[in-house]
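Structure, as structure tokens:
Only the coordinates and a few stated rules stand behind these numbers; no lab work does. No experiment lies behind these values; they were computed from the predicted model shown.
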Amino acid sequence: MYSEKVMDHFQHPRNVGEIENASGVGTVGNAKCGDIMRMYLDIDDNGIIQDVKFKTFGCGAAVATSSMATELVKGKTIQEAMEVTNKAVMEALDGLPPVKVHCSLLAEEAIHAALWDYAEKHGIKIEGLEKPKSDIHEGEEEEEEEY
Ligand code: FES
């Protein structure tokens, strides 16, 4: 049911932890399943993501997607990180079962929330970034009904 990559990232998650004095921190949750994810970004003066760490209190798919998401944004520019959507994360993991798609949304939103925090602290605007929802459960309903 899960790809080898999902199992690998679940069993050996990359970049787990916290960053002290992070440039941006974002926390998102899903009220429906109760899972929570927190993402820390360390962004240098050139807008490059030097380091990223995450903590997830959530299911295996949430662990695997956040692990992969951190790998995808590390060393990237802010704009490149904006392109790391949940679809990109799922592709990088060779897919997720349909009922687990919402877990990957948590990873995408956590990155956005951390970038939002960074932008607010620096008084800048990041193109294409909208205020992230703290609960991704709102608005995900329709998607789930298709399955
Ligand atoms: Fe909630 Fe996976 S079941 S994030």
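List the equivalent ellipsoid semi-axes of region 1-58 in whole Å, largest first, each obtained as the square root of 5λ for an eigenvalue λ of the Cα gyration tensor. Could the numbers behind the result be given before it?
On the way: eigenvalues 115, 53, 16 Å².
Its equivalent ellipsoid spans semi-axes of 24, 16, 9 Å.
Based only on the alpha carbon positions, what is the Kirkwood hydrodynamic radius of the chain, in angstrom?
Numbers: mean 1/r = 0.0667 Å⁻¹.
This gives a value of 15.0 Å.
Which of D45, D94, D117 ends up with the largest GNM mean-square fluctuation for the chain, with Cα atoms connected below 10 Å?
Judging by the Gaussian network model, the answer is D45.
Roughly how far apart, in whole Å, are the Cα centres of region 101-133 and region 27-68?
Region 101-133 and region 27-68 have Cα centres separated by 11 Å.
Rg and Dmax of region 93-132, Cα atoms, in Å?
Expressed in Å, the Cα Rg and Dmax of region 93-132 come to 13.1, 39.
What helices in the chain pass both tests, a Cα length along the helix axis of 30 Å or more and a mean Kyte hydropathy of -1.0 or higher, using whole DSSP H runs? List each step's numbers first, then the result.
Values: long enough: 101-122 (32 Å, 0.05).
Helix filter hits for the chain: 101-122.
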